[in-house]
Structures are given as C-alpha cells and as structure tokens.
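For reference, the structure discussed in these notes is given below.
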Amino acid sequence: QLVESGGGLVQAGGSLRLSCAVSGGTVSRYSMGWFRQPPGLERELVASIRRDTANIYYSGSVKGRFTISRDNAENTLYLQMNSLKYEDTAVYYCAADLDSCIGYGCSVAVMDYWGKGTLVTVSS
C-alpha cells in the first residue's frame, strides 16, 4: 500500500515536500516513481529512482527544482519540490514497480502499485 501526503496550497516560488509511506513491502526493493496529473491532462512521470538508487531520473520540466529520495529505515519515498510554478499544479502520485524499471522507462503502464494521490496547488 502506498499513501501520499504533504500536498497543499503554496505560492509560486515556494516549496513542498511530498511523502509516500510504503506498507506491505520494502521501499528499497522497488523502483519507485512520482507522477503527476494536471487538470484535464494525462498522468506523467516526474521523477524515478531505481531500487539500487544508482539511477535517478527527472523530467525536463522539474530537473533542478525537484529532488526524489528514499529513506529505507522509514520505508518512505520523498519528493522535495522547490521553486514551484503555477504549472506544477496537479495531483501527485507515487508508484512502485516490481520489475525494477529505469529512468523514463518507469512509465505509467509499467508501474504495479499506485497511491491515491495528493493535490498540489500553486498559486501565481
């Protein structure tokens, strides 16, 4: 089970940290990803981290502003979001892949488990 938290309303330029608590499994054994779905648009990959953490991927729109990380002891995935923009407004989802996807290969279609999402709203 994946449960996201940390979403909310923030002004442009602000920061938020999203958390994804993993239960029923061990976060270090999965490739994990953060996805987002803006209003009226398709769900897209934001960042992914392979289970060995040797490979981290960011989409071009968030690279340099967002940081994905994992705390194995807490069994939790994080997404630190800085310099937020209006266009970052979306429902953010975490997801897990049992087959250890890599980079942008961690697409919506390959992820095995999903959280219910947390809403991030950035005001301009």
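The values are calculated or read from the model by the stated rules, or taken from the named source; none is laboratory data. Quick caveat: nothing in here was measured; it's all calculated off a predicted structure. So basically every Cβ, Gly included, is an ideal-geometry build from the backbone, and we count neighbours across all protein chains shown. SASA here: full protein model, heavy atoms, side chains in, ligands and nucleic acids out. Shrake-Rupley method; radii C 1.70, N 1.55, O 1.52, S 1.80 Å.
Taking a ≥ b ≥ c as the square roots of the eigenvalues of the Cα gyration tensor, an a/c ratio of 1.5 or more together with a/b larger than b/c marks the chain as prolate. This model, with +1 at the C-beta of Lys and Arg and -1 at the C-beta of Asp and Glu, gives region 7-124 a dipole about its Cα centre of some 200 debye. Please identify the longest segment of the chain free of exposed GluC sites (Glu not before Pro), where exposed means a DSSP state other than H, G, I, E or B and no more than 14 other Cβ atoms within 10 Å. Free of exposed loop sites, the longest segment is 75-124.
Over the chain, accessible surface divided per residue gives 51 Å², non-protein components excluded, 1.4 Å probe. Ile56 sits among other residues whose Cβ lies under 13 Å from its own Cβ, and their net charge, with Lys and Arg +1 and Asp and Glu -1, is +3. Placing unit charges on the Cβ atoms only, positive for Lys and Arg and negative for Asp and Glu, gives region 67-110 a dipole magnitude near 80 debye about its Cα centre. For region 61-101, the set of trypsin sites (Lys or Arg not before Pro) satisfying both a DSSP loop assignment and a count of at most 12 other C-beta atoms within 10 Å is given as Lys63. Simple point charges give the picture: +1 on the Cβ of Lys and Arg, -1 on the Cβ of Asp and Glu, and for region 1-75 a dipole about the Cα centre of about 160 debye.
Stretching Leu119 away from Asp52 to a fully extended chain increases their span by 21.3 nm, per 0.36 nm per residue minus the current alpha-carbon distance. The calculated FRET efficiency for Asp112 paired with Ser28, based on their beta-carbon distance and R0 = 22 Å, is about 0.90. Near Met32: Cβ cut-off under 13 Å, other residues only, Lys/Arg at +1 and Asp/Glu at -1. The net charge is -2.
Per-peptide packing, taken as the mean over residues of other Cβ atoms within 10 Å, places 16-28, 90-102 in the sequence 90-102, 16-28 from highest down.
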